[in-house]
Amino acid sequence: GQAKGTRATAKEIIDLYEGLKDSYLDDFQMMLSGYLPGAAAVEAVGTIARDLKYKATMKPGSFFWVLDPVMGDNGKLYVAEDVPPAYKTVLKDADLILPNQFEAE
């Protein structure tokens with residue numbers, strides 16, 4: 001049980017993506033998202049995924065989003081109460097969703 005690093009804010013996530021776009025480094029074929037620290041971060045990642053999907057409309061099947069909604073396990077949430085509803089708003093945009101049993105319920 002060790003975790004290292006920091007919790008990126010939604011602004012930091014968007015700023016990172018915008019920096020990649022500004023440098024023409026946003027031609028991704030796949031995106032995998034996992035733990036996100038808050039509802040705003042979930043929404044930011046959803047915005048990025050939708051943008052990448054839109055870019056890929058001229059090349060159907062050229063972008064795939066794998067969403068692992070890391071929220072909790074064994075009946076306990078790891079995230080704030082506003083995160084599960086935020087995930088519900090982005091599920092429709094994901095190509096593959098990988099919840100554990102608790103997250104799926």
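The values are calculated or read from the model by the stated rules, or taken from the named source; none is laboratory data. Source: prediction; values computed, not measured. Methodologically, a virtual Cβ is constructed for each residue, glycine included, from the backbone with ideal geometry; neighbour enumeration extends over all protein chains shown. Side chains are part of the model used for accessible areas, which takes the heavy atoms of the whole protein and leaves out ligands, DNA and RNA. Shrake-Rupley method; radii C 1.70, N 1.55, O 1.52, S 1.80 Å.
For segment 30-46, the set of residues classified as open to solvent by less than 70 Å² (accessible area, probe 1.4 Å) and in contact with a helix residue (DSSP H, G or I) (Cβ under 9 Å, 6 or more places away or on another chain) consists of Met31, Ser33, Leu36, Pro37, Gly38, Ala39, Ala40, Ala41, Val42, Ala44, Val45, Gly46, listed by residue number. For segment 14-29, the count of residues that are modelled with pLDDT of 95 or more, surrounded by 11 or more Cβ atoms within 10 Å (Cβ to Cβ) and among the basic types (Lys, Arg) is nonzero. Please determine whether any residue of segment 57-68 is in contact (Cβ under 8 Å) with a residue 40 or more places away in the chain, under 9 Å from the mean Cα position of the chain (by Cα) and either under 21 Å from Ile13 (Cα atoms) or buried (at least 17 other Cβ atoms within 10 Å of the Cβ) (or both). No, segment 57-68 contains no residue that is in contact (Cβ under 8 Å) with a residue 40 or more places away in the chain, under 9 Å from the mean Cα position of the chain (by Cα) and either under 21 Å from Ile13 (Cα atoms) or buried (at least 17 other Cβ atoms within 10 Å of the Cβ) (or both).
Looking at this structure, is Lys92 without any contact (Cβ under 8 Å) to a residue 12 or more places away in the chain and either of a type outside the set (Gly, Ala, Ser) or closer than 21 Å to Glu105 by Cβ (or both)? Answer is yes for this residue.
If I filter segment 27-56 down to residues being among the polar types (S, T, N, Q) and either touching a strand residue (DSSP E or B) at 6+ places or on another chain (Cβ under 6 Å) or part of a loop (DSSP other than H, G, I, E, B) (or both), which single residue comes out as nearest to Pro84 (Cα to Cα)? Please lay out each step first, then the result.
Applying the first criterion (among the polar types (S, T, N, Q)) to segment 27-56 yields 29, 33, 47.
The next check asks that each one be either touching a strand residue (DSSP E or B) at 6+ places or on another chain (Cβ under 6 Å) or part of a loop (DSSP other than H, G, I, E, B) (or both); those that pass are 29, 33.
On the way: Gln29: 26, Ser33: 15 Å.
Top of the filtered list is Ser33.
Within segment 1-26, the set of residues being in contact (Cβ under 8 Å) with a residue 24 or more places away in the chain and assigned to a loop (DSSP other than H, G, I, E, B) comprises Arg7, Ala8, Thr9, Asp26.
Being among the basic types (Lys, Arg), open to solvent by less than 60 Å² (accessible area, probe 1.4 Å) and part of a helix (DSSP H, G or I): is that true of Lys88 here? So Lys88 does not fit the description; no.
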